[in-house]
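Engineer: Okay, here's the structure, questions in a sec.
The values are calculated or read from the model by the stated rules, or taken from the named source; none is laboratory data. Predicted model, so just to flag it, every value in this text is computed and none were measured. Cβ placement follows ideal geometry from the backbone for every residue including glycine, while neighbour counts extend to all protein chains displayed. Remember, those area values only see protein heavy atoms, side chains included, never the ligands or the DNA or RNA. Shrake-Rupley method; radii C 1.70, N 1.55, O 1.52, S 1.80 Å.
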Amino acid sequence: RRPPDEEEEAEVGWQEKLFSQFEVDLYQNGSACQTPLDRQYHEEIVKLEKAGGRRNHRIFTYTDHDRFTNLEEHCQKVTDSDHEVPSYLAERMANVRRRRQDRRLIEASSLKSKVITWEPSAEFIKNNHVINTPVQTMYIMGDLGPYGKLGHREYEHVLCTVKVDGNGVIMVKPDFTDTKEAYWIELDGEKREVWKYTIENASVQVQPEEEEREQRVFRDLYGRHKEYLSGLVGSEFEMTLPGSLRLFVNGEIVSAQGYEYDNLYVHFFLELPNQWSSPAFQQLSGVTQTCATKTVGWENVAYFCYPFTLEMFFTQGDESEDSLPQWPVLYFEVLSMDFWQRYRVEGYGSLVLPASPGLHMLTIPTWRPVELGTVAELRRFFIGGSPELEDITYARIPSTFKGERLSRLGFRTETTGSVTFRLCCLQQSRSFLETSALRQRMQSVLDRLGGFSQQSCVYNVLEAFQRARRRMQEARESLSQDLISPSASTG
(Lines give C-alpha, C1' and ligand atoms only; values in the text may rest on other atoms or scores of the structure.)
Protein backbone atom coordinates (compact mmCIF):
# COMPACT_ATOMS: atom_id res chain seq x y z
CA ARG A 1 0.00 0.00 0.00
CA ARG A 2 1.23 3.50 -0.87
CA PRO A 3 2.20 5.57 2.21
CA PRO A 4 0.03 8.65 2.71
CA ASP A 5 2.94 11.14 2.48
CA GLU A 6 4.23 10.08 -0.92
CA GLU A 7 1.96 12.62 -2.64
CA GLU A 8 1.73 16.23 -1.56
CA GLU A 9 0.48 19.47 -3.09
CA ALA A 10 1.29 22.94 -1.75
CA GLU A 11 0.50 26.48 -2.87
CA VAL A 12 3.45 28.76 -2.11
CA GLY A 13 3.49 32.56 -2.23
CA TRP A 14 6.46 34.86 -2.86
CA GLN A 15 8.88 34.73 0.11
CA GLU A 16 6.39 32.60 2.06
CA LYS A 17 8.13 30.52 4.68
CA LEU A 18 7.20 26.85 4.99
CA PHE A 19 9.24 25.07 7.66
CA SER A 20 10.81 21.69 7.11
CA GLN A 21 10.90 18.93 9.71
CA PHE A 22 14.58 19.67 10.26
CA GLU A 23 13.87 23.36 11.02
CA VAL A 24 11.00 22.45 13.32
CA ASP A 25 13.27 20.18 15.33
CA LEU A 26 16.04 22.78 15.32
CA TYR A 27 14.11 25.91 16.32
CA GLN A 28 11.80 24.29 18.90
CA ASN A 29 14.49 24.75 21.51
CA GLY A 30 14.76 28.46 22.23
CA SER A 31 18.23 28.15 23.77
CA ALA A 32 19.65 27.10 20.36
CA CYS A 33 18.49 30.35 18.71
CA GLN A 34 21.29 32.88 18.40
CA THR A 35 20.28 35.40 15.73
CA PRO A 36 17.10 37.53 15.62
CA LEU A 37 15.95 35.46 12.62
CA ASP A 38 16.34 32.24 14.65
CA ARG A 39 14.28 33.67 17.48
CA GLN A 40 11.59 34.79 15.01
CA TYR A 41 11.41 31.29 13.57
CA HIS A 42 11.18 29.89 17.10
CA GLU A 43 8.13 32.05 17.85
CA GLU A 44 6.44 31.08 14.56
CA ILE A 45 7.02 27.36 15.15
CA VAL A 46 5.59 27.63 18.66
CA LYS A 47 2.48 29.26 17.21
CA LEU A 48 2.22 26.54 14.57
CA GLU A 49 2.39 23.83 17.21
CA LYS A 50 -0.36 25.49 19.20
CA ALA A 51 -2.49 25.79 16.04
CA GLY A 52 -2.21 22.11 15.26
CA GLY A 53 1.15 21.78 13.55
CA ARG A 54 2.28 22.42 10.02
CA ARG A 55 0.26 21.17 7.08
CA ASN A 56 3.19 20.59 4.75
CA HIS A 57 5.42 17.56 5.19
CA ARG A 58 7.76 17.12 2.27
CA ILE A 59 7.48 20.55 0.55
CA PHE A 60 9.08 23.52 2.31
CA THR A 61 10.86 26.77 1.35
CA TYR A 62 14.03 28.74 2.00
CA THR A 63 13.52 32.50 1.72
CA ASP A 64 15.97 35.23 0.85
CA HIS A 65 17.09 35.68 4.46
CA ASP A 66 17.92 32.05 5.19
CA ARG A 67 21.48 30.85 5.49
CA PHE A 68 20.81 28.22 2.82
CA THR A 69 20.39 30.93 0.18
CA ASN A 70 23.84 32.39 0.76
CA LEU A 71 25.52 28.99 0.93
CA GLU A 72 23.71 27.70 -2.15
CA GLU A 73 24.73 30.67 -4.32
CA HIS A 74 28.28 30.71 -2.95
CA CYS A 75 28.99 27.00 -3.42
CA GLN A 76 27.02 26.46 -6.60
CA LYS A 77 28.85 24.63 -9.37
CA VAL A 78 28.46 25.31 -13.07
CA THR A 79 28.77 21.66 -14.15
CA ASP A 80 28.24 18.29 -12.49
CA SER A 81 31.88 17.33 -12.80
CA ASP A 82 33.76 16.40 -9.62
CA HIS A 83 36.96 17.97 -11.00
CA GLU A 84 35.47 21.28 -12.04
CA VAL A 85 37.76 24.31 -11.90
CA PRO A 86 35.74 27.53 -11.45
CA SER A 87 36.15 30.02 -14.27
CA TYR A 88 37.19 33.63 -13.72
CA LEU A 89 33.60 34.87 -13.89
CA ALA A 90 32.10 32.08 -11.79
CA GLU A 91 34.69 32.55 -9.06
CA ARG A 92 33.99 36.27 -8.75
CA MET A 93 30.25 36.13 -9.14
CA ALA A 94 30.02 33.57 -6.32
CA ASN A 95 30.49 36.29 -3.70
CA VAL A 96 27.93 38.75 -5.08
CA ARG A 97 25.28 38.13 -2.42
CA ARG A 98 27.77 38.11 0.44
CA ARG A 99 29.40 41.33 -0.79
CA ARG A 100 26.03 43.07 -1.10
CA GLN A 101 25.34 42.41 2.59
CA ASP A 102 28.83 43.06 3.93
CA ARG A 103 29.59 46.28 2.03
CA ARG A 104 26.78 48.27 3.59
CA LEU A 105 28.94 49.15 6.60
CA ILE A 106 31.88 50.17 4.42
CA GLU A 107 30.06 52.43 1.99
CA ALA A 108 29.17 55.02 4.62
CA SER A 109 32.67 55.43 6.02
CA SER A 110 35.67 54.56 3.90
CA LEU A 111 34.34 55.16 0.39
CA LYS A 112 33.52 58.81 1.03
CA SER A 113 36.86 59.61 2.61
CA LYS A 114 38.95 57.52 0.23
CA VAL A 115 37.82 58.23 -3.31
CA ILE A 116 40.84 56.72 -5.11
CA THR A 117 42.67 53.56 -4.09
CA TRP A 118 46.14 53.85 -5.58
CA GLU A 119 47.27 50.32 -4.64
CA PRO A 120 44.22 48.05 -4.77
CA SER A 121 44.60 44.60 -3.31
CA ALA A 122 43.43 41.39 -4.98
CA GLU A 123 40.47 41.16 -2.60
CA PHE A 124 39.49 44.77 -3.32
CA ILE A 125 39.56 44.12 -7.07
CA LYS A 126 37.47 40.96 -6.68
CA ASN A 127 34.85 42.75 -4.60
CA ASN A 128 34.50 45.86 -6.75
CA HIS A 129 34.82 44.73 -10.37
CA VAL A 130 31.78 42.47 -10.62
CA ILE A 131 28.36 43.51 -11.88
CA ASN A 132 26.16 43.40 -8.81
CA THR A 133 22.44 43.60 -9.50
CA PRO A 134 20.41 43.18 -6.28
CA VAL A 135 18.49 39.91 -6.46
CA GLN A 136 15.94 38.38 -4.09
CA THR A 137 15.91 34.58 -4.14
CA MET A 138 13.53 31.92 -2.91
CA TYR A 139 13.97 28.13 -3.01
CA ILE A 140 11.09 25.64 -3.03
CA MET A 141 12.51 22.47 -1.52
CA GLY A 142 11.47 18.87 -1.19
CA ASP A 143 12.28 16.43 1.59
CA LEU A 144 12.65 13.16 -0.33
CA GLY A 145 13.64 10.99 2.59
CA PRO A 146 12.13 7.54 3.22
CA TYR A 147 8.72 7.23 4.83
CA GLY A 148 8.82 8.03 8.54
CA LYS A 149 12.39 9.48 8.43
CA LEU A 150 11.85 13.10 7.46
CA GLY A 151 14.12 15.89 8.67
CA HIS A 152 17.52 14.75 7.34
CA ARG A 153 19.51 17.37 5.37
CA GLU A 154 20.97 14.84 2.95
CA TYR A 155 17.50 14.17 1.51
CA GLU A 156 16.74 17.86 0.80
CA HIS A 157 16.55 18.69 -2.93
CA VAL A 158 15.82 21.95 -4.72
CA LEU A 159 12.58 21.66 -6.69
CA CYS A 160 12.35 25.23 -8.00
CA THR A 161 14.34 28.47 -7.75
CA VAL A 162 12.57 31.84 -8.03
CA LYS A 163 14.59 35.06 -8.39
CA VAL A 164 13.49 38.69 -8.77
CA ASP A 165 16.13 41.30 -9.62
CA GLY A 166 16.06 45.04 -9.04
CA ASN A 167 14.59 45.64 -12.50
CA GLY A 168 11.51 43.56 -11.75
CA VAL A 169 12.49 40.55 -13.88
CA ILE A 170 11.19 37.24 -12.50
CA MET A 171 13.27 34.10 -13.18
CA VAL A 172 11.80 30.66 -12.49
CA LYS A 173 14.09 27.63 -12.83
CA PRO A 174 12.94 25.12 -13.90
CA ASP A 175 10.05 26.67 -15.79
CA PHE A 176 6.36 25.97 -15.20
CA THR A 177 5.47 22.55 -16.57
CA ASP A 178 2.09 23.52 -18.13
CA THR A 179 1.60 20.92 -20.88
CA LYS A 180 5.11 19.49 -20.56
CA GLU A 181 5.95 16.28 -18.78
CA ALA A 182 6.64 16.27 -15.08
CA TYR A 183 10.18 16.79 -13.78
CA TRP A 184 11.78 13.85 -12.02
CA ILE A 185 14.55 13.36 -9.49
CA GLU A 186 16.38 10.05 -9.17
CA LEU A 187 17.87 9.35 -5.77
CA ASP A 188 21.11 7.50 -5.17
CA GLY A 189 20.72 4.41 -3.04
CA GLU A 190 19.71 0.79 -3.05
CA LYS A 191 16.10 1.37 -4.10
CA ARG A 192 16.89 4.03 -6.76
CA GLU A 193 13.70 5.89 -6.00
CA VAL A 194 12.34 8.30 -8.63
CA TRP A 195 10.22 11.29 -7.60
CA LYS A 196 8.13 13.27 -10.08
CA TYR A 197 6.79 16.78 -9.55
CA THR A 198 5.06 19.54 -11.51
CA ILE A 199 5.21 23.32 -11.13
CA GLU A 200 2.13 25.39 -11.96
CA ASN A 201 1.45 29.12 -11.88
CA ALA A 202 -1.30 29.48 -9.27
CA SER A 203 -1.48 33.29 -9.42
CA VAL A 204 -4.94 34.80 -9.52
CA GLN A 205 -5.98 35.82 -13.02
CA VAL A 206 -6.41 39.55 -13.56
CA GLN A 207 -10.02 40.60 -13.98
CA PRO A 208 -10.92 42.28 -17.31
CA GLU A 209 -11.81 45.54 -15.55
CA GLU A 210 -8.46 45.66 -13.72
CA GLU A 211 -6.55 44.78 -16.89
CA GLU A 212 -8.31 47.54 -18.81
CA ARG A 213 -7.59 50.00 -16.02
CA GLU A 214 -3.92 48.99 -16.05
CA GLN A 215 -3.71 49.42 -19.83
CA ARG A 216 -5.31 52.85 -19.48
CA VAL A 217 -2.68 53.87 -16.91
CA PHE A 218 0.10 52.62 -19.21
CA ARG A 219 -1.29 54.54 -22.18
CA ASP A 220 -1.53 57.69 -20.09
CA LEU A 221 2.04 57.22 -18.84
CA TYR A 222 3.42 56.58 -22.33
CA GLY A 223 1.49 59.56 -23.70
CA ARG A 224 2.93 61.90 -21.08
CA HIS A 225 6.43 60.57 -21.68
CA LYS A 226 6.00 61.10 -25.43
CA GLU A 227 4.89 64.70 -24.82
CA TYR A 228 7.89 65.21 -22.56
CA LEU A 229 10.28 63.95 -25.23
CA SER A 230 8.55 66.06 -27.89
CA GLY A 231 8.99 69.09 -25.68
CA LEU A 232 12.71 68.40 -25.37
CA VAL A 233 13.23 67.80 -29.10
CA GLY A 234 10.85 70.44 -30.43
CA SER A 235 8.03 70.28 -32.91
CA GLU A 236 10.21 70.76 -35.99
CA PHE A 237 13.77 69.96 -36.89
CA GLU A 238 15.95 72.77 -38.14
CA MET A 239 16.32 72.16 -41.85
CA THR A 240 19.38 73.04 -43.87
CA LEU A 241 19.29 75.32 -46.90
CA PRO A 242 19.01 73.80 -50.38
CA GLY A 243 22.40 72.75 -51.64
CA SER A 244 23.96 72.78 -48.17
CA LEU A 245 25.11 70.05 -45.80
CA ARG A 246 25.29 69.84 -42.01
CA LEU A 247 27.93 67.57 -40.51
CA PHE A 248 27.85 66.35 -36.90
CA VAL A 249 30.84 64.56 -35.42
CA ASN A 250 30.71 62.92 -32.00
CA GLY A 251 34.34 62.03 -31.51
CA GLU A 252 36.54 60.47 -28.90
CA ILE A 253 40.29 60.52 -28.48
CA VAL A 254 40.65 56.92 -27.40
CA SER A 255 44.36 56.42 -26.75
CA ALA A 256 47.91 57.36 -27.63
CA GLN A 257 50.59 54.70 -27.90
CA GLY A 258 54.26 54.29 -28.73
CA TYR A 259 55.66 57.54 -27.29
CA GLU A 260 58.95 58.04 -25.51
CA TYR A 261 57.83 59.83 -22.34
CA ASP A 262 54.97 59.35 -19.88
CA ASN A 263 52.08 61.60 -18.75
CA LEU A 264 50.73 62.52 -22.16
CA TYR A 265 48.06 64.99 -23.21
CA VAL A 266 46.68 65.95 -26.63
CA HIS A 267 45.91 69.44 -27.91
CA PHE A 268 43.72 69.58 -31.02
CA PHE A 269 41.81 72.08 -33.16
CA LEU A 270 39.64 71.97 -36.28
CA GLU A 271 40.40 73.95 -39.44
CA LEU A 272 37.39 74.86 -41.59
CA PRO A 273 38.13 75.33 -45.33
CA ASN A 274 36.28 77.71 -47.60
CA GLN A 275 32.49 77.29 -47.81
CA TRP A 276 32.47 75.71 -44.34
CA SER A 277 31.22 77.41 -41.17
CA SER A 278 30.27 76.53 -37.61
CA PRO A 279 27.90 77.97 -34.97
CA ALA A 280 29.17 80.81 -32.84
CA PHE A 281 29.01 78.75 -29.67
CA GLN A 282 30.94 75.82 -31.18
CA GLN A 283 34.41 75.26 -29.73
CA LEU A 284 36.80 74.16 -32.47
CA SER A 285 39.71 73.33 -30.17
CA GLY A 286 40.36 71.46 -26.97
CA VAL A 287 42.91 69.75 -24.77
CA THR A 288 42.66 66.41 -23.00
CA GLN A 289 43.57 65.55 -19.46
CA THR A 290 47.08 64.38 -18.62
CA CYS A 291 47.10 60.60 -18.70
CA ALA A 292 49.72 58.16 -17.41
CA THR A 293 50.65 55.26 -19.64
CA LYS A 294 50.40 51.55 -18.96
CA THR A 295 52.28 48.72 -20.62
CA VAL A 296 50.16 46.78 -23.12
CA GLY A 297 52.18 44.21 -25.01
CA TRP A 298 55.31 45.92 -26.32
CA GLU A 299 53.97 49.49 -26.16
CA ASN A 300 53.13 52.09 -23.55
CA VAL A 301 49.51 53.17 -24.02
CA ALA A 302 47.70 56.16 -22.51
CA TYR A 303 43.90 55.75 -22.54
CA PHE A 304 42.25 59.20 -22.68
CA CYS A 305 38.63 58.35 -23.63
CA TYR A 306 38.19 62.10 -24.16
CA PRO A 307 34.88 62.98 -25.90
CA PHE A 308 34.29 66.02 -28.11
CA THR A 309 31.51 67.23 -30.39
CA LEU A 310 31.81 69.18 -33.65
CA GLU A 311 29.09 70.75 -35.79
CA MET A 312 29.79 72.23 -39.21
CA PHE A 313 27.89 73.56 -42.22
CA PHE A 314 28.84 73.36 -45.88
CA THR A 315 27.21 75.85 -48.22
CA GLN A 316 27.75 75.63 -51.96
CA GLY A 317 28.75 79.03 -53.20
CA ASP A 318 28.77 80.65 -56.63
CA GLU A 319 32.32 79.60 -57.32
CA SER A 320 33.28 77.77 -60.46
CA GLU A 321 32.41 74.09 -60.72
CA ASP A 322 36.08 73.40 -61.37
CA SER A 323 37.04 74.25 -57.76
CA LEU A 324 37.31 71.23 -55.49
CA PRO A 325 35.64 71.52 -52.08
CA GLN A 326 37.72 70.47 -49.11
CA TRP A 327 36.68 68.59 -45.98
CA PRO A 328 37.55 69.96 -42.53
CA VAL A 329 40.88 68.85 -41.08
CA LEU A 330 41.54 68.02 -37.42
CA TYR A 331 45.09 68.94 -36.38
CA PHE A 332 46.54 67.67 -33.13
CA GLU A 333 49.79 67.54 -31.19
CA VAL A 334 50.83 65.16 -28.43
CA LEU A 335 52.82 66.55 -25.51
CA SER A 336 54.21 65.14 -22.27
CA MET A 337 54.57 66.71 -18.83
CA ASP A 338 56.84 65.17 -16.20
CA PHE A 339 57.08 65.57 -12.42
CA TRP A 340 59.33 68.66 -12.70
CA GLN A 341 56.84 70.43 -15.00
CA ARG A 342 59.05 69.88 -18.02
CA TYR A 343 57.00 69.50 -21.19
CA ARG A 344 58.12 67.95 -24.47
CA VAL A 345 56.49 67.78 -27.87
CA GLU A 346 55.96 64.12 -28.68
CA GLY A 347 54.37 64.35 -32.11
CA TYR A 348 52.21 66.18 -34.64
CA GLY A 349 49.47 64.75 -36.82
CA SER A 350 46.40 65.61 -38.88
CA LEU A 351 43.13 63.88 -39.66
CA VAL A 352 40.70 64.59 -42.50
CA LEU A 353 37.19 64.07 -41.16
CA PRO A 354 35.52 61.05 -42.78
CA ALA A 355 33.29 61.92 -45.72
CA SER A 356 30.91 59.00 -45.16
CA PRO A 357 28.47 58.79 -42.24
CA GLY A 358 28.76 56.12 -39.62
CA LEU A 359 31.33 54.88 -37.11
CA HIS A 360 35.03 55.23 -37.95
CA MET A 361 38.03 53.97 -35.96
CA LEU A 362 41.20 55.74 -37.14
CA THR A 363 44.78 55.41 -35.91
CA ILE A 364 46.90 58.35 -37.06
CA PRO A 365 50.74 58.18 -36.92
CA THR A 366 52.63 61.25 -35.76
CA TRP A 367 56.08 62.78 -36.14
CA ARG A 368 58.13 65.50 -34.45
CA PRO A 369 60.91 67.80 -35.68
CA VAL A 370 64.44 67.03 -34.48
CA GLU A 371 67.77 68.80 -34.39
CA LEU A 372 71.05 67.21 -35.31
CA GLY A 373 73.64 66.62 -32.64
CA THR A 374 73.83 65.30 -29.11
CA VAL A 375 73.26 68.67 -27.43
CA ALA A 376 69.64 68.84 -28.60
CA GLU A 377 68.86 65.40 -27.21
CA LEU A 378 70.61 66.24 -23.91
CA ARG A 379 68.59 69.44 -23.67
CA ARG A 380 65.37 67.52 -24.34
CA PHE A 381 66.21 64.92 -21.67
CA PHE A 382 67.45 67.18 -18.86
CA ILE A 383 65.59 70.50 -19.17
CA GLY A 384 62.71 69.57 -21.47
CA GLY A 385 61.57 71.46 -24.48
CA SER A 386 62.12 70.50 -28.11
CA PRO A 387 61.75 72.03 -31.57
CA GLU A 388 58.14 73.04 -32.17
CA LEU A 389 56.10 74.07 -35.18
CA GLU A 390 55.19 77.73 -35.21
CA ASP A 391 52.17 76.85 -37.34
CA ILE A 392 50.66 73.43 -36.53
CA THR A 393 49.01 73.30 -39.97
CA TYR A 394 52.52 72.66 -41.32
CA ALA A 395 51.81 69.04 -40.33
CA ARG A 396 49.83 68.88 -43.57
CA ILE A 397 49.60 71.87 -45.93
CA PRO A 398 49.92 75.23 -44.15
CA SER A 399 46.84 77.41 -44.32
CA THR A 400 49.01 80.40 -45.23
CA PHE A 401 50.68 78.66 -48.19
CA LYS A 402 49.66 80.19 -51.53
CA GLY A 403 52.31 78.82 -53.88
CA GLU A 404 52.24 75.92 -56.27
CA ARG A 405 54.91 73.72 -54.69
CA LEU A 406 55.66 73.14 -51.00
CA SER A 407 59.22 72.03 -50.31
CA ARG A 408 60.27 70.43 -47.03
CA LEU A 409 63.85 69.87 -48.09
CA GLY A 410 66.18 70.05 -45.08
CA PHE A 411 63.36 69.75 -42.56
CA ARG A 412 64.36 66.81 -40.36
CA THR A 413 61.71 64.79 -38.54
CA GLU A 414 61.43 61.63 -36.51
CA THR A 415 58.58 59.14 -36.49
CA THR A 416 56.95 58.79 -33.05
CA GLY A 417 53.78 57.05 -31.85
CA SER A 418 50.17 57.15 -32.97
CA VAL A 419 46.79 58.40 -31.71
CA THR A 420 43.52 56.45 -32.04
CA PHE A 421 40.26 58.29 -32.72
CA ARG A 422 36.66 57.02 -32.67
CA LEU A 423 34.40 59.23 -34.81
CA CYS A 424 30.62 58.94 -35.22
CA CYS A 425 29.61 61.08 -38.20
CA LEU A 426 26.10 62.22 -39.07
CA GLN A 427 25.09 64.13 -42.20
CA GLN A 428 21.92 66.18 -42.62
CA SER A 429 20.71 67.65 -45.90
CA ARG A 430 17.51 68.32 -47.78
CA SER A 431 18.83 66.14 -50.56
CA PHE A 432 17.78 63.12 -48.51
CA LEU A 433 14.13 64.12 -49.03
CA GLU A 434 12.21 62.62 -51.93
CA THR A 435 12.35 65.73 -54.14
CA SER A 436 14.15 65.25 -57.40
CA ALA A 437 15.41 68.82 -57.88
CA LEU A 438 17.05 69.07 -54.45
CA ARG A 439 18.35 65.51 -54.67
CA GLN A 440 20.01 66.08 -58.05
CA ARG A 441 21.57 69.32 -56.89
CA MET A 442 22.86 67.96 -53.60
CA GLN A 443 23.94 64.71 -55.19
CA SER A 444 26.47 66.62 -57.25
CA VAL A 445 27.71 68.33 -54.09
CA LEU A 446 28.07 65.03 -52.25
CA ASP A 447 29.83 63.48 -55.22
CA ARG A 448 32.23 66.39 -55.35
CA LEU A 449 32.77 66.10 -51.60
CA GLY A 450 33.33 62.39 -51.92
CA GLY A 451 30.44 61.69 -49.58
CA PHE A 452 29.97 58.10 -50.67
CA SER A 453 33.54 57.13 -51.60
CA GLN A 454 37.06 57.64 -50.40
CA GLN A 455 37.48 61.41 -50.46
CA SER A 456 41.21 61.31 -50.95
CA CYS A 457 41.00 59.04 -53.99
CA VAL A 458 38.32 61.18 -55.62
CA TYR A 459 40.30 64.31 -54.92
CA ASN A 460 43.48 62.88 -56.44
CA VAL A 461 41.70 61.65 -59.56
CA LEU A 462 39.91 64.94 -60.16
CA GLU A 463 43.05 66.94 -59.51
CA ALA A 464 45.03 64.82 -61.98
CA PHE A 465 42.26 65.23 -64.56
CA GLN A 466 42.29 69.00 -64.14
CA ARG A 467 46.07 69.15 -64.54
CA ALA A 468 45.85 67.08 -67.72
CA ARG A 469 43.06 69.28 -69.10
CA ARG A 470 45.03 72.47 -68.36
CA ARG A 471 48.09 71.06 -70.11
CA MET A 472 45.98 70.12 -73.11
CA GLN A 473 44.45 73.61 -73.28
CA GLU A 474 47.87 75.26 -73.05
CA ALA A 475 49.17 72.98 -75.81
CA ARG A 476 46.20 73.77 -78.06
CA GLU A 477 46.64 77.50 -77.50
CA SER A 478 50.34 77.35 -78.36
CA LEU A 479 49.67 75.62 -81.69
CA SER A 480 48.93 77.65 -84.75
CA GLN A 481 45.46 77.65 -86.20
CA ASP A 482 46.63 76.02 -89.42
CA LEU A 483 47.85 72.96 -87.50
CA ILE A 484 44.54 72.58 -85.70
CA SER A 485 42.27 72.86 -88.75
CA PRO A 486 43.65 69.84 -90.70
CA SER A 487 43.32 67.62 -87.64
CA ALA A 488 39.79 68.87 -87.15
CA SER A 489 38.85 68.20 -90.77
CA THR A 490 40.35 64.71 -90.76
CA GLY A 491 38.58 63.91 -87.48
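Engineer: Cβ under 14 Å from Val24's Cβ, Val24 left aside: what net charge do those residues give with Lys, Arg +1 and Asp, Glu -1?
Structural biologist: Values: positive: Lys17, Lys47, Lys50, Arg54, Arg55, Arg58, Arg153; negative: Glu23, Asp25, Asp38, Glu43, Glu44, Glu49, Asp143, Glu156.
Local charge sum for Val24: -1.
Engineer: Once you keep just the Cα pairs under 8 angstrom separated by 6 or more residues, what percentage relative contact order results for region 154-238? Let's see the in-between values first.
Structural biologist: On the way: 46 pairs, mean separation 13.0, N = 85.
In percent, rounded to a whole number, it is 15.
Engineer: In whole angstrom, note down how far apart the Cα centers of region 250-265 and region 1-58 are.
Structural biologist: The distance from the Cα centre of region 250-265 to that of region 1-58 comes to 64 Å.
Engineer: Counting only residues 5 or more places away or on other chains, whose amide H sits under 5 Å from the amide H of Thr413 once H atoms are built in the peptide plane?
Structural biologist: Those qualifying (amide H under 5 Å, at least 5 residues apart or on another chain) are Val370.
Engineer: Compute the accessible area per residue over region 298-414, keeping the other protein chains in place, probe 1.4 Å, unit Å². Write down the numbers at each step before the final one.
Structural biologist: Values: 6970 Å² over 117 residues.
That works out to 60 Å² for each residue.
Engineer: 5 Å is the cut-off here: which amide hydrogens, built 1.01 Å from N in the peptide plane, fall below it relative to Tyr259, excluding neighbours closer than 5 in sequence?
Structural biologist: Residues meeting the criterion, in which the H sits 1.01 Å from N, are Asn300.
Engineer: Now, a different point. Using a 1.4 angstrom probe with every protein chain in place, what is the largest-first accessible-area order of Trp340, Trp184, Trp195?
Structural biologist: Working: Trp340 180, Trp184 150, Trp195 45 Å².
From most accessible down to least: Trp340, Trp184, Trp195.
Engineer: Magnitude of the Cβ-charge dipole of region 240-389, K/R +1 and D/E -1, about the Cα centre, nearest 20 debye?
Structural biologist: Details: 7 positive and 16 negative charges, 104 e Å.
Here region 240-389 has a charge dipole of around 500 debye.
Engineer: Between Asp25 and Lys173, what length comes free when the chain is fully extended (0.36 nm per residue of separation minus the Cα-Cα distance, one decimal in nm)? Before the final figure, lay out the partial values.
Structural biologist: On the way: separation 148, 0.36 × 148 = 53.28 nm, distance 2.91 nm.
My answer for the length gained is 50.4 nm.
Engineer: Starting from the 7 Å offset along Cα-to-Cβ, what nm value, one decimal, do you get for the label separation of Cys424 and Glu16?
Structural biologist: Rounded to a tenth, the inter-label distance reads 4.8 nm.
Engineer: Set the Förster radius R0 to 51 Å, insert the Cβ-Cβ distance between Ile116 and Asn70 as r into 1/(1 + (r/R0)^6), and round the FRET efficiency to 0.05.
Structural biologist: 0.95
Engineer: Moving on. Excluding ligands and nucleic acids, what accessible area in Å² is computed for Phe22 using a 1.4 Å probe, to the nearest 10?
Structural biologist: 60 Å²
Engineer: How much accessible area does Met171 have with a 1.4 Å probe, in Å² rounded to the nearest 10?
Structural biologist: 80 Å²
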